1. Across the range 166-195, which residue is surrounded by the fewest Cβ atoms within 10 Å (Cβ to Cβ) among those that are more than 6 Å from ligand 1 (Cβ to nearest atom) and acidic (Asp, Glu)?
2. Scan (1) of a type in the set (A, V, I, L, M); (2) outside any helix (DSSP H, G or I); (3) in contact (Cβ under 8 Å) with a residue 60 or more places away in the chain for the single condition VAL129 breaks and write down its number.
3. Please work out if VAL188 is among the aliphatic types (A, V, I, L, M) and in a loop (DSSP other than H, G, I, E, B).
4. What do you reckon, is ILE116 under 17 Å from VAL232 (Cα atoms), in contact with a helix residue (DSSP H, G or I) (Cβ under 9 Å, 6 or more places away or on another chain) and more than 16 Å from ligand 2 (Cβ to nearest atom)?
5. Quick check on the range 144-168: of everything there that is modelled with pLDDT of 95 or more and either part of a loop (DSSP other than H, G, I, E, B) or not hydrophobic (A, V, I, L, M, F, W, C) (or both), which residue is nearest to ligand 2 (Cβ to nearest atom)?
6. Quick one: GLY34 ticks every box in (1) modelled with pLDDT of 95 or more; (2) closer than 30 Å to ILE210 by Cα except a single one, so which number is it?
7. Applying the selection to the range 191-223, what residues are in a helix (DSSP H, G or I) and of a type in the set (Val, Ile, Thr)?
8. Report every pair of residues separated by at least 6 positions or lying on different chains whose Cβ atoms are under 7 Å apart, first residue within the range 3-26 and under 13 Å from GLU72 (Cα atoms), second of a type outside the set (S, T, N, Q) and outside any helix (DSSP H, G or I).
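The values are calculated or read from the model by the stated rules, or taken from the named source; none is laboratory data. It should be emphasised that the depicted structure is a prediction, and the values quoted were computed from it without experimental measurement. Here Cβ is always computed from backbone atoms with ideal geometry, including for glycine, and neighbour counts include all displayed protein chains.
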Amino acid sequence: LEAAVRQADRLATLGTLAAGLAHEVKNPLGGIKGAAQLLERELDDDSDLLEYPRVMIKEAERIDKIIRQLLELASPRGPRYTPVNLHMVLGDIILLQREAAGSRDVSISTGFDPSIPPIMADEAQLTQVFLNLIRNAIEAMPEGGRLSVTSRVLAEYHLARNENRSRMVAVEVADTGPGISEENLAKVGTPFFTTKDNGTGLGLAICQKIVGEHRGMLKIDSKPGQGTKISVLLPLIQSPVKG
Ligand code: ADP
Ligand code: MG
(Lines give C-alpha, C1' and ligand atoms only; values in the text may rest on other atoms or scores of the structure.)
(Ligands and ions follow the chains in the order given, each with its own letter.)
Protein backbone atom coordinates (compact mmCIF):
# COMPACT_ATOMS: atom_id res chain seq x y z
CA LEU A 1 0.00 0.00 0.00
CA GLU A 2 2.79 2.37 0.96
CA ALA A 3 4.41 1.83 -2.43
CA ALA A 4 1.09 2.50 -4.14
CA VAL A 5 0.68 5.74 -2.22
CA ARG A 6 4.22 6.80 -3.06
CA GLN A 7 3.57 6.01 -6.73
CA ALA A 8 0.33 8.03 -6.64
CA ASP A 9 2.19 10.91 -4.97
CA ARG A 10 4.88 10.82 -7.59
CA LEU A 11 2.35 10.85 -10.40
CA ALA A 12 0.50 13.76 -8.81
CA THR A 13 3.77 15.70 -8.50
CA LEU A 14 4.59 14.89 -12.11
CA GLY A 15 1.13 16.07 -13.15
CA THR A 16 1.57 19.36 -11.31
CA LEU A 17 5.02 19.83 -12.83
CA ALA A 18 3.79 19.07 -16.34
CA ALA A 19 0.83 21.43 -15.96
CA GLY A 20 3.15 24.17 -14.67
CA LEU A 21 5.63 23.61 -17.48
CA ALA A 22 2.87 23.65 -20.10
CA HIS A 23 1.55 26.92 -18.70
CA GLU A 24 4.98 28.57 -18.49
CA VAL A 25 6.07 27.52 -21.95
CA LYS A 26 2.83 28.41 -23.73
CA ASN A 27 3.39 32.18 -23.92
CA PRO A 28 7.05 32.27 -24.99
CA LEU A 29 6.32 29.53 -27.51
CA GLY A 30 3.40 31.51 -28.89
CA GLY A 31 5.75 34.51 -29.13
CA ILE A 32 8.31 32.57 -31.15
CA LYS A 33 5.69 31.21 -33.50
CA GLY A 34 4.02 34.58 -33.95
CA ALA A 35 7.34 36.32 -34.69
CA ALA A 36 8.27 33.60 -37.18
CA GLN A 37 4.90 33.99 -38.90
CA LEU A 38 5.43 37.74 -39.20
CA LEU A 39 8.85 37.15 -40.68
CA GLU A 40 7.41 34.63 -43.14
CA ARG A 41 4.85 37.19 -44.31
CA GLU A 42 7.44 39.98 -44.63
CA LEU A 43 9.79 37.97 -46.81
CA ASP A 44 9.37 37.86 -50.58
CA ASP A 45 7.72 34.74 -51.96
CA ASP A 46 10.94 33.70 -53.67
CA SER A 47 13.29 34.53 -50.81
CA ASP A 48 15.95 31.98 -49.92
CA LEU A 49 15.35 32.88 -46.29
CA LEU A 50 11.69 31.66 -46.23
CA GLU A 51 12.84 28.24 -45.14
CA TYR A 52 14.01 29.58 -41.76
CA PRO A 53 10.75 31.01 -40.39
CA ARG A 54 8.98 27.91 -41.73
CA VAL A 55 11.29 25.61 -39.80
CA MET A 56 10.74 27.75 -36.70
CA ILE A 57 6.95 27.54 -37.06
CA LYS A 58 7.06 23.78 -37.61
CA GLU A 59 9.33 23.19 -34.64
CA ALA A 60 7.29 25.48 -32.38
CA GLU A 61 4.23 23.41 -33.30
CA ARG A 62 6.15 20.29 -32.50
CA ILE A 63 7.06 21.53 -29.02
CA ASP A 64 3.41 22.43 -28.52
CA LYS A 65 2.38 18.88 -29.47
CA ILE A 66 4.92 17.28 -27.14
CA ILE A 67 3.78 19.45 -24.25
CA ARG A 68 0.10 18.73 -24.89
CA GLN A 69 0.79 14.98 -24.99
CA LEU A 70 3.00 15.09 -21.92
CA LEU A 71 0.27 16.96 -20.09
CA GLU A 72 -2.20 14.26 -21.09
CA LEU A 73 0.17 11.52 -19.94
CA ALA A 74 0.83 13.14 -16.57
CA SER A 75 -2.72 14.30 -15.98
CA PRO A 76 -4.02 12.87 -12.74
CA ARG A 77 -7.62 13.07 -13.83
CA GLY A 78 -9.27 9.70 -14.28
CA PRO A 79 -12.02 8.80 -16.77
CA ARG A 80 -15.36 10.63 -16.66
CA TYR A 81 -17.78 7.84 -17.36
CA THR A 82 -20.82 8.16 -19.59
CA PRO A 83 -22.40 5.54 -21.88
CA VAL A 84 -20.28 5.42 -25.04
CA ASN A 85 -21.24 3.91 -28.38
CA LEU A 86 -17.86 2.52 -29.49
CA HIS A 87 -18.93 2.04 -33.09
CA MET A 88 -20.01 5.65 -33.45
CA VAL A 89 -16.70 6.83 -31.98
CA LEU A 90 -14.76 4.56 -34.35
CA GLY A 91 -16.90 5.55 -37.34
CA ASP A 92 -16.24 9.25 -36.73
CA ILE A 93 -12.50 8.72 -36.42
CA ILE A 94 -12.33 6.61 -39.55
CA LEU A 95 -14.29 9.19 -41.52
CA LEU A 96 -11.74 11.84 -40.54
CA GLN A 97 -8.77 9.61 -41.36
CA ARG A 98 -10.06 8.54 -44.79
CA GLU A 99 -8.15 11.26 -46.57
CA ALA A 100 -4.83 10.50 -44.86
CA ALA A 101 -5.39 6.82 -45.62
CA GLY A 102 -6.46 7.38 -49.23
CA SER A 103 -3.45 9.52 -50.06
CA ARG A 104 -1.22 6.61 -49.02
CA ASP A 105 -3.21 3.91 -50.76
CA VAL A 106 -4.38 2.47 -47.47
CA SER A 107 -7.79 0.82 -47.62
CA ILE A 108 -9.90 0.72 -44.48
CA SER A 109 -12.35 -2.04 -43.60
CA THR A 110 -14.51 -2.40 -40.52
CA GLY A 111 -16.28 -5.31 -38.88
CA PHE A 112 -18.33 -4.38 -35.85
CA ASP A 113 -20.37 -6.71 -33.66
CA PRO A 114 -23.73 -4.92 -33.66
CA SER A 115 -24.76 -6.60 -30.42
CA ILE A 116 -22.21 -4.58 -28.41
CA PRO A 117 -24.16 -2.05 -26.30
CA PRO A 118 -22.87 1.36 -25.22
CA ILE A 119 -20.28 0.85 -22.47
CA MET A 120 -19.42 3.11 -19.56
CA ALA A 121 -16.25 4.96 -20.54
CA ASP A 122 -14.69 8.38 -21.09
CA GLU A 123 -15.56 9.18 -24.70
CA ALA A 124 -12.92 11.87 -25.21
CA GLN A 125 -10.21 9.61 -23.80
CA LEU A 126 -11.24 6.58 -25.87
CA THR A 127 -11.34 8.79 -28.96
CA GLN A 128 -7.70 9.64 -28.27
CA VAL A 129 -6.79 5.98 -27.86
CA PHE A 130 -8.40 4.84 -31.11
CA LEU A 131 -7.14 7.87 -33.01
CA ASN A 132 -3.56 7.20 -31.85
CA LEU A 133 -3.78 3.55 -32.88
CA ILE A 134 -5.38 4.25 -36.25
CA ARG A 135 -2.85 7.01 -36.99
CA ASN A 136 0.03 4.69 -36.07
CA ALA A 137 -1.37 2.04 -38.41
CA ILE A 138 -1.70 4.50 -41.31
CA GLU A 139 1.76 5.93 -40.63
CA ALA A 140 3.16 2.40 -40.71
CA MET A 141 1.97 1.93 -44.31
CA PRO A 142 3.42 4.81 -46.38
CA GLU A 143 3.42 2.56 -49.45
CA GLY A 144 -0.15 1.44 -48.94
CA GLY A 145 -1.81 -1.54 -47.33
CA ARG A 146 -4.90 -2.57 -45.43
CA LEU A 147 -6.20 -1.28 -42.14
CA SER A 148 -8.96 -3.18 -40.41
CA VAL A 149 -10.91 -2.06 -37.37
CA THR A 150 -13.14 -4.64 -35.71
CA SER A 151 -15.00 -5.17 -32.48
CA ARG A 152 -16.11 -8.27 -30.66
CA VAL A 153 -17.14 -9.52 -27.26
CA LEU A 154 -14.72 -11.82 -25.45
CA ALA A 155 -16.67 -14.54 -23.73
CA GLU A 156 -16.09 -14.68 -19.97
CA TYR A 157 -12.64 -13.23 -20.39
CA HIS A 158 -11.37 -11.88 -17.13
CA LEU A 159 -8.24 -10.22 -15.89
CA ALA A 160 -6.51 -10.82 -12.62
CA ARG A 161 -7.19 -7.18 -11.77
CA ASN A 162 -10.76 -7.34 -12.91
CA GLU A 163 -12.33 -8.73 -9.77
CA ASN A 164 -15.91 -8.49 -10.90
CA ARG A 165 -15.01 -10.62 -13.91
CA SER A 166 -17.15 -8.57 -16.22
CA ARG A 167 -17.18 -9.56 -19.85
CA MET A 168 -14.79 -7.67 -22.07
CA VAL A 169 -15.11 -5.91 -25.39
CA ALA A 170 -12.16 -6.02 -27.76
CA VAL A 171 -11.54 -3.36 -30.40
CA GLU A 172 -8.80 -4.52 -32.75
CA VAL A 173 -6.80 -2.26 -35.04
CA ALA A 174 -4.78 -4.33 -37.50
CA ASP A 175 -2.49 -3.24 -40.32
CA THR A 176 -0.38 -4.84 -43.04
CA GLY A 177 2.63 -2.63 -42.32
CA PRO A 178 6.19 -3.78 -41.57
CA GLY A 179 5.44 -4.95 -38.02
CA ILE A 180 7.63 -4.35 -34.98
CA SER A 181 10.93 -6.08 -34.22
CA GLU A 182 11.23 -8.06 -31.00
CA GLU A 183 13.75 -5.54 -29.72
CA ASN A 184 11.43 -2.59 -30.35
CA LEU A 185 8.38 -4.45 -29.07
CA ALA A 186 9.89 -4.31 -25.59
CA LYS A 187 10.28 -0.54 -25.87
CA VAL A 188 7.08 0.69 -27.49
CA GLY A 189 4.84 2.43 -24.99
CA THR A 190 7.85 3.71 -23.05
CA PRO A 191 7.48 7.51 -23.06
CA PHE A 192 9.52 9.12 -25.86
CA PHE A 193 10.36 5.85 -27.62
CA THR A 194 9.81 6.49 -31.31
CA THR A 195 11.26 5.22 -34.59
CA LYS A 196 9.78 8.14 -36.55
CA ASP A 197 11.60 11.32 -37.58
CA ASN A 198 8.75 13.47 -36.35
CA GLY A 199 7.26 11.17 -33.73
CA THR A 200 6.86 12.07 -30.05
CA GLY A 201 6.83 8.53 -28.73
CA LEU A 202 4.00 9.43 -26.39
CA GLY A 203 1.00 7.99 -28.28
CA LEU A 204 1.10 4.41 -27.02
CA ALA A 205 2.05 5.48 -23.50
CA ILE A 206 -1.08 7.63 -23.42
CA CYS A 207 -3.14 4.72 -24.80
CA GLN A 208 -1.82 2.40 -22.09
CA LYS A 209 -2.55 4.91 -19.37
CA ILE A 210 -6.11 5.57 -20.50
CA VAL A 211 -6.98 1.93 -21.11
CA GLY A 212 -5.46 0.96 -17.74
CA GLU A 213 -7.55 3.58 -15.98
CA HIS A 214 -10.61 2.05 -17.64
CA ARG A 215 -9.57 -1.26 -16.07
CA GLY A 216 -8.83 -2.60 -19.48
CA MET A 217 -5.76 -3.85 -21.28
CA LEU A 218 -3.77 -3.01 -24.41
CA LYS A 219 -2.40 -6.02 -26.28
CA ILE A 220 0.16 -5.71 -29.04
CA ASP A 221 0.64 -8.55 -31.52
CA SER A 222 3.32 -7.85 -34.07
CA LYS A 223 6.02 -9.63 -36.00
CA PRO A 224 8.34 -8.16 -38.60
CA GLY A 225 6.83 -8.72 -42.02
CA GLN A 226 3.46 -9.77 -40.64
CA GLY A 227 1.84 -6.49 -39.74
CA THR A 228 0.63 -5.29 -36.38
CA LYS A 229 -2.55 -5.89 -34.45
CA ILE A 230 -3.33 -3.84 -31.37
CA SER A 231 -6.29 -4.89 -29.23
CA VAL A 232 -8.00 -2.60 -26.78
CA LEU A 233 -9.79 -4.69 -24.17
CA LEU A 234 -12.42 -2.87 -22.15
CA PRO A 235 -14.85 -4.11 -19.50
CA LEU A 236 -18.35 -4.39 -20.91
CA ILE A 237 -19.96 -2.31 -18.18
CA GLN A 238 -23.32 -0.76 -18.87
CA SER A 239 -24.15 0.86 -15.55
CA PRO A 240 -22.28 3.65 -13.77
CA VAL A 241 -18.93 2.71 -12.27
CA LYS A 242 -18.37 3.49 -8.60
CA GLY A 243 -15.03 4.68 -7.27
P1 ADP B 1 4.99 7.84 -32.32
O2 ADP B 1 3.83 7.46 -33.19
O3 ADP B 1 5.04 9.31 -32.04
O4 ADP B 1 6.30 7.29 -32.79
P5 ADP B 1 3.81 5.96 -30.46
O6 ADP B 1 3.92 5.82 -28.99
O7 ADP B 1 2.45 6.13 -31.04
O8 ADP B 1 4.75 7.18 -30.86
O9 ADP B 1 4.51 4.71 -31.15
C10 ADP B 1 5.82 4.34 -30.73
C11 ADP B 1 6.51 3.47 -31.76
O12 ADP B 1 5.84 2.21 -31.86
C13 ADP B 1 6.47 4.01 -33.19
O14 ADP B 1 7.50 4.96 -33.41
C15 ADP B 1 6.69 2.73 -33.99
O16 ADP B 1 8.05 2.37 -34.01
C17 ADP B 1 5.95 1.69 -33.17
N18 ADP B 1 4.60 1.43 -33.71
C19 ADP B 1 3.43 1.83 -33.16
N20 ADP B 1 2.38 1.41 -33.90
C21 ADP B 1 2.89 0.71 -34.94
C22 ADP B 1 2.33 0.00 -36.05
N23 ADP B 1 1.00 -0.04 -36.26
N24 ADP B 1 3.18 -0.62 -36.91
C25 ADP B 1 4.52 -0.56 -36.72
N26 ADP B 1 5.11 0.09 -35.70
C27 ADP B 1 4.32 0.72 -34.81
MG1 MG C 1 1.80 7.50 -32.60
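1. Going through the qualifying residues, I end up with GLU183.
2. For VAL129, the failing item is (2).
3. yes
4. Yes: the conditions hold for ILE116.
5. GLY145
6. (2)
7. Selection gives ILE206, ILE210, VAL211.
8. So the pair list comes out as LEU11/PRO76; ALA12/PRO76; GLY15/PRO76.
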